[in-house]
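The values are calculated or read from the model by the stated rules, or taken from the named source; none is laboratory data. Please read all numbers here as calculations on a predicted model, not as lab measurements. We place every Cβ from the backbone using ideal geometry, glycine too, and count neighbours over all the protein chains shown. For accessibility, only protein heavy atoms count, side chains too; no ligands or nucleic acids. Shrake-Rupley method; radii C 1.70, N 1.55, O 1.52, S 1.80 Å.
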Amino acid sequence: MNKDEEKIRKKSPVQIRNKKASFEYFFIETLTAGIVLTGTEIKSIRLGKASLVDTYCFINNGEIWVKGMSISPYFYGSYNNHEMKRDRKLLLTKKEIQKLHAATKQTGYTIVPLLVFIDEHGRAKMDIALCKGKKEFDKRQTLKEKEDKREMDRAMKHY
C-alpha cells in the first residue's frame, strides 16, 4: 500500500472496520477490491450502515465473493430496497484471484475483509487480506501487547 492509497483511506468519510480480524488472524498480504453493489446498498454504506462482523471471502468459479457482510436497508428505499445479508461479488484481476485461490488451498489460510471505505471517485472499496489463523497463545500475546501499549500511553499522559 503506497502513501497515496493510505491518504485516500484516511480522508474517506466512511470507514467500516472488521475489528476482530487483527485479533483472530495474522495478515500475510492485503489487497483492495471493488464491490458490486445495487443503488440502495451504496447509499446505506455512505451513511455508515454496514457491518463486517463474521464476514469472510470465498472463491467460486474464478470469482471472489464476500459472505456475511451486512448492509442495513436504505431508510428512504422503496419496494426495490436490497437484501440485508446477500453474497456480494468483489472485483479483482484474474491473476490476483488465482494467487489467492492457490494460497487458500493450504491448510489454515483464509481471506478476510478488513475495511470498507469510499474512494475519491465515490465508489465503495474493500480491503481484504490473506490470513493465517492465530493459535490461543498468539491471541494472549496480542492482548498482552495491547495492554502494555495502553499502560505506556497512560504513563505518558501523566508527564
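Couple of notes before you dig in:
- Residue pairs whose Cβ atoms lie under 7 Å apart, separated by 6 or more positions or on different chains, with the first residue in the stretch 135-157 and within 30 Å of GLY108 (Cα to Cα) and the second surrounded by 10 or more Cβ atoms within 10 Å (Cβ to Cβ), are LYS139/PHE23; THR142/PHE23.
- Every residue from the stretch 64-80 that is open to solvent by less than 70 Å² (accessible area, probe 1.4 Å) and under 16 Å from LEU130 (Cα atoms): ILE64, TRP65, VAL66
- Leading residue by the ranking (farthest from the chain's Cα centre (by Cα)) among those in the stretch 102-126 that are surrounded by 15 or more Cβ atoms within 10 Å (Cβ to Cβ) and free of Cβ contacts under 8 Å to residues at least 60 places away in the same chain: THR104
Matching residues to (1) among the charged types (D, E, K, R); (2) at pLDDT 90 or above; (3) surrounded by 10 or more Cβ atoms within 10 Å (Cβ to Cβ); (4) within 25 Å of PHE23 (Cβ to Cβ):
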position	(1), (2), (3), (4)
HIS82	no, no, yes, no
LYS89	yes, yes, yes, no
LEU100	no, yes, yes, yes
CYS131	no, yes, yes, yes
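- Some residue of the stretch 64-83 being touching a residue at least 60 places away in the same chain (Cβ under 8 Å) and of a type in the set (Ser, Thr, Tyr): no
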